[in-house]
1. Does residue 217 count as surrounded by fewer than 18 Cβ atoms within 10 Å (Cβ to Cβ), more than 19 Å from residue 82 (Cα to Cα) and without any contact (Cβ under 8 Å) to a residue 40 or more places away in the chain?
2. Which of the numbered conditions does residue 15 fail, given that it passes all the others? Conditions: (1) buried (at least 17 other Cβ atoms within 10 Å of the Cβ); (2) under 24 Å from residue 128 (Cα atoms); (3) touching a residue at least 40 places away in the same chain (Cβ under 8 Å).
3. Across segment 209-254, what is the number of residues that are part of a helix (DSSP H, G or I), in contact with a strand residue (DSSP E or B) (Cβ under 7 Å, 6 or more places away or on another chain) and closer than 17 Å to residue 190 by Cα?
4. How many residues does segment 82-108 hold that are touching a helix residue (DSSP H, G or I) at 6+ places or on another chain (Cβ under 6 Å) and modelled with pLDDT under 90?
5. Only one of (1) modelled with pLDDT of 90 or more; (2) surrounded by 14 or more Cβ atoms within 10 Å (Cβ to Cβ); (3) assigned to a helix (DSSP H, G or I) fails for residue 55. Which number is that?
6. Can you name every residue in segment 227-245 that is surrounded by 19 or more Cβ atoms within 10 Å (Cβ to Cβ) and modelled with pLDDT under 90?
7. Here are some residues: 52, 101. Which one is under 26 Å from residue 222 (Cα atoms) and in the same structural domain as residue 131 (by TED's automatic domain parsing)?
8. With 72, 10 as the choices, which residue is in contact with a helix residue (DSSP H, G or I) (Cβ under 9 Å, 6 or more places away or on another chain), free of Cβ contacts under 8 Å to residues at least 40 places away in the same chain and surrounded by fewer than 13 Cβ atoms within 10 Å (Cβ to Cβ)?
């Protein structure tokens, strides 16, 4: 069976460069010929194992600068840059190699006279099929002996029986304070994301949401400030598509599901 990296190479991904540490400073190494296309796909591998797939319309060098020198907060540049910078550095510190692969010879198809962004569609498919760990996909389940499966009924969404007193009207995006209050009121309940139907629970730990997917049973922590940025963009755009928040948080689908559950409380 072909590895994930072999499957990318079969699609004409090619190795373009790598990351290295120089006096604890992350350094981008892109020997010639350097990719010059603006609209392309790229991938990171750690010791030959696929770890991340992304797309960019900025050109490879400019996009990599976001990982090399990420902003101090998610609000100024998104958690993707911050998280991947940390992961790349951690891999290099432990002696692993981190390579960069690109697919920059994509055609420009049209449909009905409209330009089709092949990079965007291909990225979504590759992430779904190959599940690179840095893209926030499902993690492997622990060994059977390490946990006891929940009853099937415990993994179904539980709405009406556990919702607290309605906090917001159904036509308004909750504030971060309202959403945190809602989450404190539904601790231990299970919810489901809109698109992938991923079951999860939520808890509140001070200024952090602890989101635990049923698939991994491992909590993902999202800071209050990041949640606030997601809510502000939702207020501006009205979009519930996870991809529209990928630059802010890997956990956007869970946050958006909680927003909808919070709004649903108005009608129960």
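1. no
2. Answer for residue 15: the failing condition is (1).
3. 1
4. 1
5. Failing condition for residue 55: (3).
6. Result: 242, 245.
7. After applying the criteria, what remains is 52.
8. Going through 72, 10 in turn, just one is in contact with a helix residue (DSSP H, G or I) (Cβ under 9 Å, 6 or more places away or on another chain), free of Cβ contacts under 8 Å to residues at least 40 places away in the same chain and surrounded by fewer than 13 Cβ atoms within 10 Å (Cβ to Cβ): 72.
The values are calculated or read from the model by the stated rules, or taken from the named source; none is laboratory data. This structure is a prediction, so every number in the text was calculated from the model and none was measured. Virtual Cβ from ideal backbone geometry, glycine too; neighbours counted across all protein chains shown.
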